[in-house]
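Down below is the structure, laid out as structure tokens.
The values are calculated or read from the model by the stated rules, or taken from the named source; none is laboratory data. Nothing here was measured: the structure is a model prediction, and the numbers come from that model. Using ideal geometry, Cβ is built from the backbone for each residue, glycine included, and neighbour counts are taken over all protein chains shown.
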């Protein structure tokens, strides 16, 4: 009884202003959980923005940077250069899973359990597909192109020049400033007797071997680290091809290709890895929510499957981040 | 409610198609800029980069406002999420400017050591 009169006093005083403070109303017209997911996403956006800005700052501070359409130009089962083709495919996989997610949310609003489950299942498949693509991309970069967190074999020429041939003379191969190169890696036979034969035959690194043969010398020419007429081979086997500078203040001098900006590998693996980790945890959350959907717990709540909506927000955010990772790493 | 549902379904389909088309255009713009589409033609970098950044921001708008339903949320929620993000505009300008300054310092150091060697 006493509380009744108190409430009455409150409402008499100022009915609209006080109602919000009493907790009876949702000022933003969404539940607590959904609001907090939004604020979590804001903080996560700042984390990613911090990483991407760090990438931009380091890139701006370097005289040269690897050109992305040279670095990311491999495609499964296809030889040669296919600039940006594979990452475009990855983008489509993620966009597709974003669409299936919104369909799941819409079915959730209708309290259609079957529909939610089907569309969420497709979303999980999309997420796994994206992770598979990323695994392939990383494997190629690490295993085939020998990039690591601390070593970046992709460099960009800051001056034009002419490569030297096996005799140390000018070859017909030239390049212009701004083109990106990859330092190939020689395998020093070592204790494997059959190595040279094996390498000339069915070379495991198809493109690499073909490239080397076209030059008139394979990497079998480099049996140990050292200074060769056409290249310097370092302790770890990276082949730094020699060239004569054709323009600029160093014209006429002989130089060898050096490693690219060291930060490139660390930034790439860390930022795409962090995004991939978000995708992975998203898939785990999607699975948990899918199990709950199937159990019928959300239908019993009669709130339009709000949990599906929350994981949907997270999943779309992952897609949103990819838009910017795609822009910064692959397009610019 | 049923009408709402078909309407929302249509919007979702339309949005995903626009997103896909914009992505393809973005990639084509990137490749044109690097001289792949028209043999040997390198489009001006500033123009291409502006185009790609603009298209990415449009994609971000579509994802946040349609897929994440921001368009249909309360104004207060929208502002409390979007206004803090605007702080990033200054962060980007300040850090890229600083990065560019580092490049200048590196060059100065290099030039100085060159002078010392030749002396």
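Miscellaneous remarks
- For residue A:43, the conditions (1) assigned to a helix (DSSP H, G or I); (2) at the interface with another protein chain (Cβ under 8 Å from one of its Cβ atoms) all hold with the exception of (2).
- Residues that are facing chain B (nearest Cβ under 10 Å) and assigned to a helix (DSSP H, G or I) were ranked within segment A:56-76; the one that is nearest to residue B:82 (Cα to Cα) is A:56.
- Residue A:184 being at pLDDT below 90, over 30 Å from residue A:294 (Cβ atoms) and in contact with a helix residue (DSSP H, G or I) (Cβ under 6 Å, 6 or more places away or on another chain): yes
Each row is one residue, and each column tells you yes or no for (1) buried (at least 16 other Cβ atoms within 10 Å of the Cβ); (2) within 16 Å of the chain's Cα centre (by Cα).
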{"site": "B:15", "(1), (2)": "yes, no"}
{"site": "B:25", "(1), (2)": "no, yes"}
{"site": "B:30", "(1), (2)": "yes, yes"}
{"site": "B:45", "(1), (2)": "no, yes"}
{"site": "B:54", "(1), (2)": "no, yes"}
{"site": "B:59", "(1), (2)": "yes, yes"}
{"site": "B:72", "(1), (2)": "no, no"}
{"site": "B:81", "(1), (2)": "yes, no"}
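- Residue within segment A:264-278 that is more than 13 Å from the chain's Cα centre (by Cα), farther than 23 Å from residue B:22 by Cβ and surrounded by 15 or more Cβ atoms within 10 Å (Cβ to Cβ) present: no
- Of residues in segment A:77-99 being modelled with pLDDT under 85 and more than 10 Å from chain B (Cβ to nearest Cβ), the one nearest to residue B:16 (Cα to Cα): A:82
- A single member of A:35, A:131, A:52 is in a helix (DSSP H, G or I) and under 25 Å from residue A:156 (Cα atoms), and it is A:52.
- Test result for residue A:161, surrounded by 18 or more Cβ atoms within 10 Å (Cβ to Cβ), under 23 Å from residue A:74 (Cα atoms) and modelled with pLDDT of 85 or more: no
- When the helices (runs of 4 or more DSSP H) confined to segment B:1-104 are screened for residues that are at the interface with chain A (Cβ under 8 Å from one of its Cβ atoms), over 29 Å from residue A:308 (Cα atoms) and out of contact with any strand residue (DSSP E or B) (no Cβ under 6 Å at 6 or more places or on another chain), those reaching at least 1 such residues are found at B:2-33, B:45-62.
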